[in-house]
Amino acid sequence: MSTRVAEVFETMEYGPAPESRAPVDAWLQARSGRFGHVIDGAYRTPAGGEYLEVMNPASGTLLAHVAQGDEADVAAAVEAARRAQPGWAALGGHARARHLYAIARRIQKQARFFSVLESLDNGKPIREARDIDIPLVARHFYHHAGWAQLMESELPDAEPLGVVGQIIPWNFPLLMLAWKIAPAIAMGNAVVLKPAEYTPLTALYFAELCAEAGLPPGVVNIVTGDGRTGAALVEHPDVDKIAFTGSTEVGRIIRRALAGTGKRLSLELGGKSPFVVFDDADLDSVVEGVVDAIWFNQGQVCCAGSRILAHEGIADRLVGKLRARMEKLRVGDPLDKGVDIGAIVAPVQLERIRSLVETGEAEGATLWQPSWSCPTEGWFYPPTLLTDVAPAATVAQVEIFGPVVVLMTFRTPDEAVELANNTRYGLAASVWTESVNLALDIAPRIKAGTVWVNCTNVFDAASEFGGYRESGFGREGGREGLWEYVRSIHEPRGEPARAVTRDGASDAAGDGAKPDEAGARTGSAFDGGPAGRAKAGPPPIDRTAKLYIGGKQARPDQGYSFDVRAPDGTVVGQASRGNRKDLRNAVEAAHRAVDWGRGIAHTRAQVLYYLAENLHARADEFARRLQRLGATEAEAAREVDASVRRIFTYAAWADKWDGAVHHTPFRNVTIAMPEPIGVFGVVCPEEAPLLGFVSTAIPPLALGNSVVAVPSERAPLAATDLYQVLETSDVPAGALNIVTGPRAELAPVLADHDDVDALWYFGSARGSAEVEEKSAANMKRTWVSHGARRDWYDARVAEGPSFLRRATELKNIWVPYGE
Ligand code: NAI
């Protein structure tokens, strides 16, 4: 039967174009289809002798067996990493750069092999593995070879963390490995990486390649297994940091497990990213954008554009075009180069997609799928569009992680922003409009770590990636991503991660005492130690300092106050005992002060200069107050002077904490923009009651956050005296709120509060643990001191970029150019 050329164009039917899997099969056979862990540069059989099956999602057939790691395997890998790390760090940046470069070169040489292996293991189309995943993997190692080279000059005060445990998901197995391993080893750490149980094979091949490339044994260790192996890695006491990508649910478990251990943590979690289409957008480009947003990698993408928000005027036309395009998508054998959509990673995931789509229909959504059917062998799901979806519907809120997109409409840009932010997640967004003004107005208003304008799902090693809100914290890639794998040599250490048990954590700053006991301790109010024992006799009582909420002095909810005492026990005044209700009011007031963050940095700088000036004008009064709280005349004068200077520092920084424009390898301007996080809780240090307060409450304020601060419990009057200064300094109502009272009661309330976006806590190890543990509910960003003291007069640890970085989140906005 002959086919006319015109008919070929009509049907666009291609014959199969399969990529050969022979080299991968040969590799699997050479290892008898059975793999141990890679520890200390060699395969090692699992201690427990247990193995997992690794399946090919496109056929449902067995590919290989891999070891199921247990505590003993994890311990062996961590030991190997610990042994290797000092030597690796000591090699220096240049030598490490050469190693990373060698790995990058080898990945490029093995690109075809990796692509086929990845496609077989994960089910993703070979076209994507070959053109996107593997080139980006190589790019990450090249880029971070550069950072290894530059570490000593660009991060002069940084040192590696030590041993890093890394846990990754199955959707981009090798790419997630690269995102984790490249920056970690570039900065001189050794790693133990656990790939996902469904997709461990490229990680094992990568470990072989590292050995061939001459990487010292123990620098990269791979332990395979399921969630139990991941949990063993998280719980291992000799790991300095955990980096995790996966579900928000597991992220939360890990956050809680690590609370108070002092181990660092970064989390890249789920998303429900909006795909916003304005009525002036080029709809044909939009349709291709949707293909990339939700049918790339079968929609198993954490930043998948899974919620189309279309302007009402164009929604019907867009739906028509989308349905036509979906009809032409090709689902099938991932190794076929002409296939657009491959297989779903595992039956459990397929079932999850099916059941969520059923829920969507049951809740009233209209389902549309192409007329053709999927292969019956293997685990496939067709591209799916759900319309008539309410914003609160399950399918509009829950991450489906499959080729399913929902579509909702909006009328105005404000409504689009509101809908876009109507999610607990905040990983990514894309915005489609021909108006660059509109795009750049909308992008900063969407709470997401990455915003793509007229493009979607583009990534690069130079551009930071990571979440807002429950999509996790920390950034991967770019300069910002390096901070996840280093610490400042000046930073005071809390109790070392390895020595801390949560129950036995020490209570260095004395949290846990009731406020009326605060004066009944021994020691100086200024070194953070307990204050002196009360003396008898009538005290000279000031009026009771109120709380400061919404720009006004406010009586505490329950009307209680507590004595504030000098170290010798003399009562020098009374402060209000704030409670849960007062904090709630303060958080609400902070939320109403959004204009502070949206405003102009220059204005914030002016307000802070004015604040410093007014404090300076009342320097004697503040010094007297500090003296009455126990400072010598000289100490008091020094503290007030340092406080004025510190406010000046942040007034100076307010308009200088700039972002960057990254060199990404596309025709893009990629703008990395630091943004305020939102409503900030600050539990200030006990020591240096005025300087400590200023040093911790002002940096987030300077960068546009609204702050709810809990000042020193023993000497709150140094902070409450600021009310009048604040009132005369044009600080807008609600931008800075002050609630005095028992830290041990107030800190957990802030940590629990779902409308608090970030929390800094300077206090005891136990209080730090509680803050971290409770913060898991809404995944707020925390910075805690684990009981370590810092010298608030030492600028290296008391001010500057390390504070500013933690007071902001980095958003990357991709703006393509060219016709
Ligand atoms: P998951 O979060 O359970 O798995 C991710 C990784 O964590 C795997 O390596 C797993 O073995 C490990 N893990 C599981 N439990 C652990 C524990 N208690 N402690 C330490 N490590 C643990 O994700 P899963 O079950 O594979 O997928 C479920 C859903 O999660 C998906 O449907 C999707 O919604 C979401 N997900 C999001 C990803 C993202 O990139 N943000 C990636 C994978 C899944």
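Side notes on the structure shown:
- Take every pair of alpha-carbon atoms less than 8 Å apart whose residues are at least six positions apart; their mean separation over the length of the chain yields a relative contact order of 12 percent.
- The calculated FRET efficiency for residue 280 paired with residue 31, based on their beta-carbon distance and R0 = 51 Å, is about 0.35.
- Accessible surface area normalised per residue over the range 276-317 is 27 Å², counting heavy atoms of protein chains with a 1.4 Å rolling probe.
- For the range 550-614 versus the range 123-188, the gap between their alpha-carbon centres in whole angstrom: 43 Å
- Helix-only CD estimate at 222 nm, as mean residue ellipticity for the chain, using -39500 (n - 2.57) per DSSP H run (n ≥ 4): -12000 deg cm²/dmol
- Heavy-atom surface of the range 169-223, accessible at 1.4 Å and reported per residue (Å²): 13 Å²
- Taken about its Cα centre, the chain carries a charge dipole of roughly 1340 debye when the Cβ of each Lys and Arg holds +1 and the Cβ of each Asp and Glu holds -1.
- Estimated distance in nm for a label pair at residue 4 and residue 656, the labels positioned 7 Å out from Cα along Cα-to-Cβ: 7.4 nm
- Subtracting the Cα-Cα distance of residue 71 and residue 398 from 0.36 nm times their residue separation leaves 114.4 nm of extension gain.
- Per residue, the range 5-133 exposes 47 Å² of accessible surface when a 1.4 Å probe is rolled over the protein heavy atoms with every protein chain present.
- Pair-distance profile P(r), taking every C-alpha pair of the chain, with 10 angstrom steps and integer %: 3, 13, 22, 23, 18, 12, 6, 2, 1, 0, 0, 0
- Cα-based shape type of the range 678-819, given that a ≥ b ≥ c are square roots of the gyration tensor eigenvalues and the cut on a/c is 1.5: prolate
- Shape class of the range 1-145 from the Cα gyration tensor (axes a ≥ b ≥ c, square roots of the eigenvalues): oblate, since a/c reaches 1.5 or more and a/b does not exceed b/c.
- DSSP beta bridges confined to the range 537-607 are antiparallel in about 80 percent of cases.
- Kirkwood Rh, Cα atoms: Rg over Rh of the range 304-447: 0.98
- Label point of residue 558 set 7 angstrom out along Cα-Cβ; within the range 579-623, amide nitrogens under 19 Å from it belong to 579-587.
- Mean-position separation - Cα centroids, the range 303-326 and the range 248-276, in angstrom: 31 Å
- Counting only DSSP beta bridges whose two residues both lie in the chain, roughly 40 percent are antiparallel.
- Modelled spin-label separation between residue 62 and residue 42, with each label point placed 7 Å from Cα along the Cα-to-Cβ direction: 2.7 nm.
- Taking every protein chain into account, the 1.4 Å probe leaves residue 616 with about 120 Å² of accessible area, to the nearest ten.
- Model label sites at residue 131 and residue 543, defined 7 Å from Cα along the beta-carbon direction, differ in position by 7.3 nm.
- Extended-chain gain in nm, criterion 0.36 nm per residue less alpha-carbon gap, residue 362 and residue 213: 48.2 nm
- Counted charge near residue 224, where neighbours are those whose Cβ lies closer than 10 Å (Asp, Glu -1; Lys, Arg +1): -2
- Helix 619-628 axis, angle to the chain major axis (alpha carbon atoms, nearest 10°): 80 degrees
- On full extension, the segment bounded by residue 418 and residue 83 gains 115.5 nm, given 0.36 nm per residue less the C-alpha separation.
- Residues of the range 13-34 with amide N under 12 Å of the 7 Å Cα→Cβ point at residue 112: 19-24
- Annotation note: GluC sites (Glu not before Pro) in the range 77-133 located in DSSP loop regions with a Cβ neighbour count of at most 13 within 10 Å are absent.
- Rounded tilt (10° steps) of 633-654 against the dominant C-alpha axis of the chain: 30 degrees
- Our note on the geometry: Cα centres of the range 411-471 and the range 751-819, 23 Å apart.
- Sulfur and carbon atoms: percent of accessible area, the chain [1.4 Å]: 51 percent
- Computed over the range 345-390, relative contact order equals 43 percent, with contacts defined as Cα pairs under 8 Å that lie 6+ residues apart.
- Loop-resident sites, the range 603-672, for trypsin sites (Lys or Arg not before Pro), counting at most 15 other Cβ within 10 Å (DSSP): 656, 667
- Volume in Å³ per residue [convex hull over Cα atoms, computed for the range 187-278]: 164 Å³
- Relative contact order, percent, the range 721-802 [alpha-carbon distance under 8 Å, six or more residues apart]: 23 percent
The values are calculated or read from the model by the stated rules, or taken from the named source; none is laboratory data. Everything numeric in this text was worked out from a predicted model, so none of it was measured. Backbone-built Cβ (ideal geometry, glycine too); neighbour counts: all protein chains shown. To get the accessible areas, we keep the full protein, side chains included, count just its heavy atoms, and leave off ligands, DNA and RNA. Shrake-Rupley method; radii C 1.70, N 1.55, O 1.52, S 1.80 Å.
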